[in-house]
Amino acid sequence: MTARSVVEQATQALRRAILTGALAPGAEYSLRELAGMLDISFIPIREALRSLESEGLVIMRPGRSAVIAPLGLDDLQGIYRLRRALEPEIAARSCLLLSEAELDRLAERAAEFGAVGHDMAEIYDDHHAFHLALVAPAATTWDIQVLTTLWRAGERYIRIGFGRLDPGPAEHQRRGEAHGELVAAFRTRDPATASAAVERHLARNEKIALAALS
């Protein structure tokens, strides 16, 4: 493997461990510990951590250690404040640009989110792709970069909040319906309707995550 591919794989492995909670929020790890976990050298670990620091997932310490970013109500509310400033506005423009074929595909994906056999851990990558596809036609490269950073920063909170709801069968149905409602709102081709639907979706998710942390 190339040196770059090792760094990328280390970044992905550490990011997933942070998002799932395998690397605990607030815990401090030496580079030696992390390198041992992945069976690689310090150099790719250090580069991976720098990348994750830019995403707000770790805090580098002087020397050879890093702290997994703590979870906090202020951070969560800040993430959603920024998302509400961006996503509804982009959605208002994107609903005019999405093809019917793409909306049909997204409706099928939304229905799959309601499958009882799938939990948040299993569907999160698809969930990310779903929301990206909704706004992609109207999003700039910078929009996507900022939104991706916010989605990753918020993923830990969403996993905690929805993880507590997941055992209930009704939650699976609600998850499918919630995403189906987004697609239906975009189908109206009405910017105000699409924007309001995204705003409601974000508000519910933030409420659930806040309740889980509280």
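The values are calculated or read from the model by the stated rules, or taken from the named source; none is laboratory data. These numbers come from a predicted model, not from an experiment. Using ideal geometry, Cβ is built from the backbone for each residue, glycine included, and neighbour counts are taken over all protein chains shown.
None of Ile79, Ile59, Ile40 is in contact with a strand residue (DSSP E or B) (Cβ under 6 Å, 6 or more places away or on another chain) and not aromatic (Phe, Trp, Tyr) except Ile59. A Cβ distance below 9 Å, combined with a sequence gap of six or more or placement on separate chains, defines the contacts here; from segment 69-81, residues that are under 18 Å from Leu147 (Cα atoms) reach residues that are modelled with pLDDT under 90 and in a loop (DSSP other than H, G, I, E, B) in the pairs Asp75/Gly56; Ile79/Gly56.
Residues checked against (1) outside any helix (DSSP H, G or I); (2) buried (at least 17 other Cβ atoms within 10 Å of the Cβ); (3) at pLDDT 95 or above:
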residue	(1), (2), (3)
Pro137	no, no, yes
Leu150	no, yes, no
Ala153	no, yes, no
Arg164	no, no, no
Ala178	no, yes, no
Ala184	no, no, yes
Arg189	yes, no, yes
Ala197	no, yes, yes
Ala209	no, yes, no
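Counting the residues of segment 1-22 that are aliphatic (A, V, I, L, M), over 17 Å from the mean Cα position of the chain (by Cα) and either at pLDDT 90 or above or not in a helix (DSSP H, G or I) (or both) gives 4.
Results for (1) surrounded by fewer than 21 Cβ atoms within 10 Å (Cβ to Cβ); (2) within 21 Å of Ser214 (Cβ to Cβ); (3) out of contact with any Lys or Arg (no Cβ under 9 Å at 6 or more places or on another chain), shown as yes or no for each residue.
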{"site": "Arg61", "(1), (2), (3)": "yes, no, yes"}
{"site": "Leu71", "(1), (2), (3)": "yes, yes, no"}
{"site": "Asp74", "(1), (2), (3)": "yes, yes, yes"}
{"site": "Gln77", "(1), (2), (3)": "yes, yes, yes"}
{"site": "Arg81", "(1), (2), (3)": "yes, yes, yes"}
{"site": "Ile90", "(1), (2), (3)": "no, no, yes"}
{"site": "Ser94", "(1), (2), (3)": "no, no, yes"}
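For the residues Glu53, Glu112, the requirement of being assigned to a helix (DSSP H, G or I) and in contact (Cβ under 8 Å) with a residue 40 or more places away in the chain singles out Glu112. With respect to the conditions (1) in contact (Cβ under 8 Å) with a residue 24 or more places away in the chain; (2) surrounded by 13 or more Cβ atoms within 10 Å (Cβ to Cβ); (3) within 27 Å of Ile158 (Cα to Cα); (4) among the aliphatic types (A, V, I, L, M), Ala27 falls short on a single one, namely (2).
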